[in-house]
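The structure appears below as structure tokens.
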Amino acid sequence: MAQTTNTTRGPVTGTAHRAKKRKPFLLDLYSTAVGKKYVMAITGVLLIGFVITHMIGNLKMYLGKEDFNHYAEFLRELLVPILPRTVFLWILRGGLLGAVVLHVHAAYGLTLLNRGARSVKYQSPRDYQVATFASRTMRWTGIIVFLFVFWHLADLTWGTVNALGTTAADGVFVRGDAYGNVVRSFERPPVALLYIVANIALGTHLFHGVWSLFQSIGWSSPRFNKWRRWLATAIATIVVVGNVSFPIAVLAGIVGQ
């Protein structure tokens with residue numbers, strides 16, 4: 001005769017726990033060091049591309065007032081009549097501002113993560129030896145460039161740091177006269193010096209940024225370090241020489257009204 005065993009279930013205690021809701025994939029990835037490095041790399045590429053393009057466009061200043069003002073007007077007319085005048089330009093500026101905010105936030109987040117886990121470095125000892133000065137001053141050059149951007153906009157886009165007028169005689173800043181605004185701004189030695197110092201800081205920041213960009217996305221090898229260094233040096237040098245040449249050319253009288 002088969003024996004049956006009766007089992008009685010005891011009372012259930014405790015409460016049921018809901019499964020923790022997962023973050024969206026991109027936010028979950030961004031919460032990691034790898035995600036932040038990728039964000040820094042992607043936004044860095046966008047900002048480097050803008051800096052180079054901006055410098056190349058400004059070289060039209062050497063062609064004269066008409067060519068430079070025509071280039072400035074071309075930027076304001078982008079995608080007209082699909083969009084109203086200057087709208088697409090402001091969309092681009094908003095996108096660049098977003099890239100800057102993400103770049104800064106990712107850098108700050110990586111700093112906090114590295115402080116919490118000293119065994120995981122953002123850069124290897126070999127990288128640190130290659131770019132010692134640039135890496136040590138990365139935070140400060142970033143702050144200088146960030147503050148300079150607002151001065152640059154206030155000086156040559158908004159005109160709020162100068163008197164406004166309809167002609168050059170009424171004030172330093174004149175709406176629609178991009179060439180004249182640049183010349184009149186750089187004719188002031190303190191302003192020209194500010195632009196020179198800020199662009200040297202930008203070049204230093206660019207050098208280490210380009211160098212560490214490949215490290216951030218995992219494209220790092222001792223075989224390529226020489227080419228990484230040359231690329232970083234070339235980009236930083238071209239941008240600094242190009243941008244610094246503008247205030248120097250104005251002060252030297254090479255470019256003028």
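Just so it is clear, none of the values below were taken in a lab; they were calculated from the coordinates. Just so it is clear, the structure is predicted and the values come from calculations on it, not from any experiment. Positions of Cβ are generated from backbone atoms using ideal geometry, with glycine treated the same way; all protein chains shown enter the neighbour counts.
Overview of values
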item: Label-point separation, Tyr62 to Leu89 (7 Å along Cα→Cβ), nm; result: 2.4
item: Rounded FRET efficiency, nearest 0.05, which uses the C-beta distance separating Ile248 from Leu153 and R0 of 25 Å; result: 0.70
item: 14 Å beta-carbon shell around Ile235, net charge (K/R +1, D/E -1); result: +2
item: Proximal charge balance of Ile196 [Cβ under 15 Å; K/R count +1, D/E count -1]; result: -1
item: Under the Karplus curve 6.51 cos²θ - 1.76 cosθ + 1.60, θ = phi - 60°, whole-Hz ³J(HN,Hα) for the range 86-94, x wherever Gly or Pro sits; result: 6, 5, 5, 4, 6, 4, 4, 5, x
item: Using a Förster distance of 22 Å, the FRET efficiency for Glu77-Leu97 (Cβ separation, nearest 0.05); result: 0.55
item: Exposure proxy order (Cβ contacts within 10 Å, fewest to most) of Thr141, Thr157; result: Thr157, Thr141
item: Rounded FRET efficiency, nearest 0.05, which uses the C-beta distance separating Thr53 from Thr160 and R0 of 25 Å; result: 0.50
item: Total charge dipole magnitude, the range 32-251, about the Cα centre, Cβ charges on Lys, Arg, Asp, Glu only, Debye to nearest 20; result: 1200
item: √(5λ) per eigenvalue of the Cα gyration tensor, the range 32-251, largest first, Å; result: 35, 19, 16
item: Residues with amide H under 5 Å from that of Phe173, placed H, sequence gap 5 or more; result: Ala163, Gly165
item: For the range 32-251: relative contact order, % (alpha-carbon pairs under 8 angstrom, 6 or more apart); result: 25
item: Approximate spin-label separation Ile238-Phe224, in nm, with each point projected 7 Å along Cα-to-Cβ; result: 1.9
item: Residues listed by number, the range 181-203, amide nitrogen under 20 Å from Leu231 label point at 7 Å toward C-beta; result: 203
item: For the range 135-257, size of Cβ-based charge dipole, Lys and Arg +1, Asp and Glu -1, in debye; result: 740
